[in-house]
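Right, one structure below, let's go through it.
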Amino acid sequence: MTVTENGIAQASCDDACGGTEADIGSVKEKLVDDHTAVELADLFKALGDPTRIRILHALLQSELCVHDLTEVLEMGQSAVSHQLRLLRNMRIVKRRKVGKTVYYSLDDDHVEQLIVLTLQHLKHE
């Protein structure tokens with residue numbers, strides 16, 4: 001750690017650090033492009049809201065309509081609908097209409113895996 005004239009600490013490599021033996025060129029070649037990095041960050045932002053996580057966890061258990069979700073989450077319909085719209089736009093949930101009722105579920109197995117693996121990670125000691 002280096003301290004500047006302003007007293008601000010800056011992280012820096014130790015003078016003896018010559019890097020690792022990693023193939024930096026190979027790492028750079030495999031690095032996600034800017035567009036993919038933005039999409040990935042947006043996905044994590046969408047998952048960064050406790051209400052949306054609770055919706056997803058409920059949908060992990062069962063396909064539900066908006067009314068069901070309002071009951072489970074003890075929230076108003078407009079608030080739930082707003083969150084579902086955002087999740088749908090991000091392709092995290094999908095909907096299925098039967099008559100006037102719209103049922104929501106996780107978009108695919110990848111979303112389920114994200115949730116399950118993250119919960120496992122959190123419980124891991």
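Here, P(r) means the percent of Cα pairs in each 5 Å bin from 0 to the largest distance; for segment 74-114 it is 6, 21, 26, 25, 16, 5, 0. Relative to the dominant Cα principal axis of the chain, helix 34-46 is inclined by about 50°.
Quick check: the angle from helix 50-61's long axis to the longest principal axis of the chain, C-alpha only, nearest 10 degrees? Long axis of 50-61 versus the principal axis of the chain: about 60 degrees.
Normalised by the number of residues in segment 53-125, the average gap of Cα pairs under 8 Å and 6 or more apart makes the relative contact order 31 percent.
Each peptide in 42-51, 94-103, 75-84 was scored by the mean count of other Cβ atoms within 10 Å over its residues; highest first, the order is 75-84, 42-51, 94-103.
Rounded to a whole number, what is D in µm²/s for the chain from Stokes-Einstein with the Kirkwood radius over alpha-carbon pairs (10 °C, 1.306 mPa s)? Please report the intermediate quantities before stating the final value.
Details: Rh = 18.0 Å.
Roughly 88 µm²/s, to the nearest whole number.
Centre-to-centre, using Cα atoms only, segment 18-43 and segment 104-125 are separated by 24 Å.
Quick note: the coordinates plus some simple rules give every number you see, no bench work behind them. Here the structure is a predicted model, which means the values were calculated and not measured. Note: ideal-geometry Cβ built from the backbone for every residue, glycine included; neighbour counts use all protein chains shown.
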